[in-house]
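Notes for the one structure printed next.
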Amino acid sequence: MNYIFKKNCEDVDWNGVHGLLKRAGMAHPPAELIEKAFKNSYSVVFVYDDKRLIGTGRALSDGAYQAAVYDIAVEPSYQGKGLGRDIIDRLYDDIKECNIILYSRPGAEKFYEKFNFRRMLTGMALFKNKQSMMERGFTE
C-alpha cells in the first residue's frame, strides 16, 4: 500500500482525529482541544490511505534534549501493518537528539519496547482526572 504521511496540521479534520483516537482506545478530548494540542506540538504525523485518516502521532520537545511522544494511534483495521512503527520513525527523526518519554495505554507497553523504550522507575504523573486514570490502569 502507498500511504500518505503528512507532517503538518494543514487541512486536518479534527473531528476525524477525535474519532480515530476513540476507536484506537485512547484518550479523546473534544476536537478543539485535540487541534490545539497538535498545533502546539513540536512534530506531528498524520497517515492517510487515500483521503482517509488512519494514523496519528505527535511529539513535544524543547528542541535541545527533552521530548515526549503522544497520541500514537492507528485505525484498528490497519494495525499490524507497520504504520505505528512508521509514525514513530518519522517523529524520532525530529527528536533523535533528545531523551524521549511517553506513556501508553495499558497493554501497549510491549509495542514500545520494540523501539527500546523501557519502564521508568521514577516516573510520576499529575493527572486532572486522577480517579479515571487509576481505574484505567495508568496510576496506582
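Residue count for region 24-43 satisfying the condition of being hydrophobic (A, V, I, L, M, F, W, C) and in a helix (DSSP H, G or I): 5. Ser77 versus (1) over 15 Å from Lys7 (Cβ atoms); (2) surrounded by 15 or more Cβ atoms within 10 Å (Cβ to Cβ); (3) assigned by the TED database to the domain that holds Lys7: which is the lone unmet condition? Single failed check for Ser77: (2). Between Asp71, Asp86, the distinction of being over 20 Å from His18 (Cα atoms) and either modelled with pLDDT of 95 or more or in a loop (DSSP other than H, G, I, E, B) (or both) belongs to Asp86 only.
Being in a helix (DSSP H, G or I) and at pLDDT below 90: is that true of Ser132 here? Even if it seems obvious, please write down each step before you answer.
Values: in a helix (DSSP H, G or I): yes; at pLDDT below 90: yes.
Yes, satisfied.
Could you tell me how many of the residues in region 1-22 are outside any loop (DSSP other than H, G, I, E, B), among the basic types (Lys, Arg) and farther than 13 Å from Asp71 by Cβ?
First pass over region 1-22, keeping only residues outside any loop (DSSP other than H, G, I, E, B): 4-6, 14-22.
From what's left, among the basic types (Lys, Arg): 6, 22.
Next, from what is left, pick out any that are farther than 13 Å from Asp71 by Cβ: 6.
Residues that pass the stated criteria total 1.
The values are calculated or read from the model by the stated rules, or taken from the named source; none is laboratory data. Predicted model only: the values in this text are computed from it and were never measured. Counting neighbours? That spans all protein chains shown, and the Cβs are built from the backbone with ideal geometry, glycine included.
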